[in-house]
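Q: I have a structure I would like to understand better, so I am pasting it below and will then ask my questions one at a time.
The values are calculated or read from the model by the stated rules, or taken from the named source; none is laboratory data. Worth saying up front: this structure is predicted, and the values here are computed from it rather than measured. Quick reminder, even Gly has a Cβ in these numbers, built from the backbone with ideal geometry, and neighbours come from all protein chains shown.
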Amino acid sequence: KSTTVRNIDGSINNIKEDEEDDVVDLAANSLLNKLIRQSLVESSHRVEVLQKDPSSPLYSVKTFEELRLKEELLKGIYAMGFNRPSKIQEMALPMMLAHPPQNLIAQSQSGTGKTAAFVLAMLSRVNALELFPQCLCLAPTYELALQTGRVVEQMGKFCVDVQVMYAIRGNRIPRGTDITKQIIIGTPGTVLDWCFKLKLIDLTKIRVFVLDEADVMIDTQGFSDHSIRIQRALPSECQMLLFSATFEDSVWHFAERIIPDPNVIKLRKEELTLNNIRQYYVLCEHRKDKYQALCNIYGSITIGQAIIFCQTRRNAKWLTVEMIQDGHQVSLLSGELTVEQRASIIQRFRDGKEKVLITTNVCARGIDVKQVTIVVNFDLPVKQGEEPDYETYLHRIGRTGRFGKKGLAFNMIEVDKLPSLMKIQDHFNSSIKQLNAEDMDEIE
Ligand code: ADP
């Protein structure tokens with residue numbers, strides 16, 4: 001049995017059911033993040049700033065009023081429920097709204113307010129009375145472009161004459177059409193066609209160019225080249241802005257090629273730690289045995305909500321069926337679901353509609369585990385060749401230190417996996433205690 005997965009570039013992957021859910025689709029993850037995000041992700045780190053001109057004063061703002069925005073824009077921001085700029089916005093907005101415009105490369109994890117910031121910049125630079133494209137935003141996928149468009153529409157609710165148009169596959173506009181919308185959001189391939197083949201957009205009139213999700217962009221075949229071709233045709237006074245959630249060397253290299261004389265802003269990600277987590281393991285013979293141990297744990301402690309991780313889809317399905325048959329309220333989150341379906345399962349779990357969430361690797365990230373008291377590794381995360389997957393272990397169980405809440409983690413281990421578990425223990429220098437499956441009284 002196999003599952004077909006379509007990649008963002010249209011190619012197709014066949015995933016066998018007993019394979020691990022380790023095909024990470026960056027664009028899908030990013031969309032999932034946006035769909036399930038309810039509020040800002042806070043960080044205790046300081047924003048790091050590298051100015052293109054270190055001698056010029058560095059401004060930061062604590063309120064939106066200080067930015068002297070158009071009245072209708074300020075109204076839009078408050079209507080969205082924003083009270084004050086996020087950490088990254090405090091530094092980024094004054095640079096983005098400066099006169100003359102400054103170029104910017106900004107990196108911070110998803111949920112820190114980057115989209116809101118560049119949407120604000122686009123809306124504040126648009127001239128609603130001029131009826132041609134003035135702002136151009138590139139996004140890696142159709143769905144991500146739509147998400148950004150929604151933010152433009154919300155924030156620009158009171159900017160009545162400003163309109164958005166999507167340059168995405170499927171939106172067919174005849175050659176030479178006179179586009180009167182001021183903000184264009186689209187994927188690089190289609191935007192390229194609209195500019196050069198169909199002559200719908202005059203790039204020399206663009207004032208703000210945004211490249212969003214640069215890390216996802218360079219991960220997609222052809223998109224960096226398309227973006228660079230578009231950028232090369234922009235006027236020198238056009239403001240260029242690039243955003244990324246991560247900053248590997250490859251992203252940095254691309255950013256420097258495409259954004260001339262940039263200011264750079266970075267906000268480091270909150271580190272995960274195992275410090276507040278009590279970790280246990282139970283030695284088991286086989287799958288049924290693991291399930292029995294799980295039931296024992298379940299029966300002996302009061303559980304708020306639990307996430308159970310399996311290594312394969314097949315195991316996850318099996319476990320879900322077993323638990324449902326035993327009368328538990330369980331939901332299954334796996335990579336074969338659409339992003340929308342995943343978002344809705346996560347939402348239901350957050351709302352407490354199910355107490356247990358069973359999942360595979362792909363979905364491990366992005367779930368906010370603050371409310372989850374118990375994490376179970378039904379299978380230990382391993383890489384090929386039985387080498388433990390430390391990073392995944394940390395992602396499943398770890399929490400950011402500041403949320404201080406204690407958590408419990410249980411590992412269901414076959415005897416032959418014990419060496420891997422010990423390696424994990426040594427790697428993180430944190431103790432994982434053995435539990436007797438029949439006697440759970442040892443849990444503190
Ligand atoms: P990113 O682009 O970095 O992923 P977003 O701009 O999408 O972040 O913001 C994440 C969430 O926080 C969204 O729900 C957004 O509406 C909200 N948000 C953004 N800026 C603010 C702010 N200044 N105050 C309150 N909420 C904000």
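Q: How many residues does the stretch 296-320 contain that are under 30 Å from the mean Cα position of the chain (by Cα) and not charged (D, E, K, R)?
A: Within the stretch 296-320, residues that are under 30 Å from the mean Cα position of the chain (by Cα) and not charged (D, E, K, R) number 15.
Q: Which is acidic (D, E) and loosely packed, with under 14 Cβ neighbours inside 10 Å, of E130, E143?
A: Working: E143 fails: loosely packed, with under 14 Cβ neighbours inside 10 Å.
Among E130, E143, only E130 is acidic (D, E) and loosely packed, with under 14 Cβ neighbours inside 10 Å.
Q: Taking the condition of being modelled with pLDDT of 80 or more and basic (K, R), how many residues in the stretch 370-389 meet it? Before you say what the answer is, go through the steps one by one.
A: Initially, the stretch 370-389 is screened for residues modelled with pLDDT of 80 or more, giving 372-383, 387-389.
Keeping just the survivors that are basic (K, R) gives 383.
Total meeting the criteria: 1.
Q: Collect the residues in the stretch 97-116 that are surrounded by 24 or more Cβ atoms within 10 Å (Cβ to Cβ) and within 23 Å of V160 (Cβ to Cβ), keeping them in residue-number order.
A: Matches in the stretch 97-116: T115 only.
Q: Still on this structure: When the residues of the stretch 66-87 are narrowed to those that are of a type in the set (G, A, S) and within 11 Å of the ligand (Cβ to nearest atom), which ends up surrounded by the fewest Cβ atoms within 10 Å (Cβ to Cβ)?
A: Restricting attention to the stretch 66-87, the residues satisfying the condition of being of a type in the set (G, A, S) are 76, 79, 81, 86.
This time we only want the ones that are within 11 Å of the ligand (Cβ to nearest atom), so: 81, 86.
Values: G81: 7, S86: 22.
If we take residues in the stretch 66-87 being of a type in the set (G, A, S) and within 11 Å of the ligand (Cβ to nearest atom), then G81 is surrounded by the fewest Cβ atoms within 10 Å (Cβ to Cβ).
Q: Right, another one. Looking only at the stretch 47-65, count how many residues are surrounded by 15 or more Cβ atoms within 10 Å (Cβ to Cβ) and free of Cβ contacts under 8 Å to residues at least 40 places away in the same chain.
A: The total comes to 3.
Q: On to the next question. Restricted to the stretch 231-248, and to residues that are among the small types (G, A, S) and more than 16 Å from the ligand (Cβ to nearest atom), which residue is surrounded by the fewest Cβ atoms within 10 Å (Cβ to Cβ)?
A: S236
Q: If the Cβ limit is 9 Å and pairs must be 6+ apart or interchain, which residue in the stretch 111-122 that is in contact (Cβ under 8 Å) with a residue 24 or more places away in the chain pairs with which residue that is of a type in the set (F, W, Y)?
A: Sorted first by the residue in the stretch 111-122, then by its partner, the pairs are G113/F82; K114/F243; T115/F243; A116/F82; A117/F243; F118/F243; L120/F64.
Q: Also, I was wondering about something else. Considering each residue of the stretch 134-162, count those that are in contact (Cβ under 8 Å) with a residue 40 or more places away in the chain, closer than 16 Å to E72 by Cβ and of a type outside the set (A, V, I, L, M, F, W, C), and give that number.
A: 3
Q: Then there's this: Going through I424, I358 one at a time, which residue ends up being at pLDDT 90 or above, farther than 25 Å from L32 by Cα and in contact with a helix residue (DSSP H, G or I) (Cβ under 7 Å, 6 or more places away or on another chain)?
A: On the way: I358 fails: farther than 25 Å from L32 by Cα.
Just one listed residue meets the conditions, I424.
Q: Select from the stretch 307-351 the residues that are hydroxyl-bearing (S, T, Y) and either farther than 21 Å from Y291 by Cβ or surrounded by fewer than 16 Cβ atoms within 10 Å (Cβ to Cβ) (or both) and list them in ascending order.
A: T338, S344
Q: Just for helices (runs of 4 or more DSSP H) wholly inside the stretch 220-334: which have at least 2 residues that are closer than 30 Å to E414 by Cβ?
A: Qualifying helices (runs of 4 or more DSSP H): 287-300, 313-325.
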